[in-house]
Amino acid sequence: MSQNLRKKAATRASRRASNNAGPTLASILALGTPLSSRHNTDEEDVWSETSADTFDSSASTGSRAEDIILEEGDRWEDEVLQSIDNLEEKRTSIREDALAKLIRLLSRKYTANILYSRRDTLLDMLNRSVKKDKSYKENKLAVKVMSLLFVTLGEGQESMYHDVLSLLKYTITNSVSMEVKKSCIKTLALACFISGSQAEALELMNFFVEIIITNGKSVNAINDGATLTGALNAYGLLYAGLWGDSKKVAGMAREEFERVMPAHIKQLESSTMEVRVASGENIALMFETLGISKGIDSAEGWGQELDDESDEGYFDYNEMGRLTQLLSTLATDSNRRRGKAERKVQRSAFRDILKTVEEGDQVQEKLRFKKQTIYFSTWAKIIELNAFRDALAEGLHVHFLENELLQDLFNFVPPRPVAVNQGSRPNSAMSFHTAGSDTDSSIASKKAKDKKIKNRKKHSKRRGDFLEVG
């Protein structure tokens with residue numbers, strides 16, 4: 001094809017993409033809340049390392065023509081399969097390009113119907129890439145794909161979690177690269193959140209707490225901000241999964257609070273802004289979960305006053321004065337030694353944190369795409385959302401619409417899907433069992449899905465076109 005023909009083809013593809021563009025990253029990220037401005041993922045680092053597969057995170061229509069063509073028809077499925085095959089190549093650069101392409105495809109497409117039958121093969125290849133000691137880039141990309149594999153396949157992958165647990169913990173402890181350590185921490189926490197048991201979550205929390213208490217020394221990352229931030233975020237995600245929102249708050253949650261609060265307060269004085277914010281958010285999560293500032297024992301009545309005679313389950317914190325003074329200082333910090341942008345992000349974050357700790361006020365974040373706006377009104381749900389947003393980046397809206405894991409977790413009811421034509425090829429695991437014909441299994445699957453959607457509607461609070469979570 002001549003150069004002119006290539007340009008014309010690219011122009012036509014770009015025009016088609018502009019006319020049919022779906023939600024962009026800008027339209028789906030949280031709007032109008034302090035949290036949205038400070039929870040930036042490190043996806044820019046991943047994309048910048050992928051050369052030919054770099055994706056413009058600022059606009060969905062700015063991709064190269066090849067990326068746009070890839071979205072049309074079924075070719076993207078072939079690209080997934082080819083990328084998996086390329087992980088067996090001997091050249092490191094080929095494996096890295098394949099991993100980068102898998103990150104883009106698995107985040108922007110719901111690929112469960114492809115990955116289910118290839119799960120073990122793909123996981124084995126990813127494990128091998130994590131073990132490679134010649135390329136930290138390959139290590140980091142492989143760990144990223146691993147997290148997307150857990151998100152795509154959803155719950156019930158206990159054996160897969162057991163397969164990666166030891167390897168990821170070993171890599172966190174022994175890798176020379178701090179970025180690889182952080183990537184492994186995030187993936188391990190998300191994998192446990194999705195597929196681990198309560199006992200496994202508690203055990204892993206101890207691993208992360210040791211990192212926090214020792215300032216990273218336990219994993220050979222003394223005072224490394226990236227590692228500490230990852231450990232704090234990972235701990236918060238598992239705490240939210242065990243005890244957040246309306247889950248029954250056990251005495252174990254209170255014991256855990258008393259055990260980890262000294263370490264969290266210490267990290268509020270860290271020289272790294274991300275560490276300070278992550279520590280503060282965990283504190284707000286624990287205060288919200290235990291209802292400390294208002295004497296409320298669950299998030300259901302969070303922010304409401306209790307009668308003097310109704311103090312059952314009340315849990316006090318003896319260091320409240322010192323804590324609120326420290327949080328207030330961070331919320332009004334004007335230290336010129338910090339950059340202007342850093343001060344702005346920190347003040348915004350700690351204003352919300354201080355309101356929760358001191359007054360019991362709710363925090364709120366929202367996602368908006370298409371004609372729906374989803375509100376997240378607890379720290380637990382916001383922390384869980386941020387973990388998935390970090391993993392999926394531009395593809396978050398795709399998985400909200402098609403991935404039952406996110407729909408169940410956030411009680412999200414997607415818009416009614418367009419009917420699949422007879423004989424057409426389904427594009428996701430959700431449509432795979434019901435497309436084509438009304439067999440007994442497809443009818444049973446449809447009834448089960450309708451029941452799950454009915455339950456989500458029952459437990460979700462709707463205001464017109466708004467859905468409130470938390």
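Per residue, how much accessible area does the stretch 74-194 show when a 1.4 Å probe rolls over the protein heavy atoms, in square angstrom?
Working: 4660 Å² over 121 residues.
Value returned for the stretch 74-194: 39 Å² of accessible area per residue.
Ignoring ligands, DNA and RNA, what percent of the accessible area of the stretch 74-194 is carbon or sulfur (1.4 Å)?
Values: 1990 of 4660 Å².
The computed percentage sits at 43.
For the stretch 202-279, the list of GluC sites (Glu not before Pro) that fall in a loop by DSSP and count at most 14 other C-beta atoms within 10 angstrom reads 269. Can you pick out the pairs among 344/371; 131/186; 101/182; 101/132; 355/381; 181/355 whose Cα atoms lie more than 28 Å from each other? Check vs 28 Å cut-off fails for 344/371; 181/355.
Can you find, among 83, 177, 122, the residue sitting farthest towards the positive end of the charge dipole of the stretch 74-194, where Lys and Arg contribute +1 and Asp and Glu -1 at Cβ? My answer, from the dipole projection, is 177.
Where in the stretch 193-213 does the label zone of residue 162 land, with the point 7 angstrom along Cα→C-beta and an amide N cut-off under 20 Å? Under cut-off, by backbone N: 193-205. Length available on full extension from residue 174 to residue 116: 0.36 nm per residue minus the Cα-Cα distance, which gives 17.8 nm. In the calculated pair-distance distribution of the stretch 74-194, the portion above 18 angstrom amounts to 46 percent of the Cα-Cα pairs.
The values are calculated or read from the model by the stated rules, or taken from the named source; none is laboratory data. Just so we're clear, the structure is a prediction, and the values are computed from it rather than from any experiment. Glycine also receives a Cβ, built like all others from the backbone with ideal geometry; neighbour counts cover every protein chain displayed. Calculation scope for accessible area: heavy atoms of the full protein, side chains included, ligands and nucleic acids excluded. Shrake-Rupley method; radii C 1.70, N 1.55, O 1.52, S 1.80 Å.
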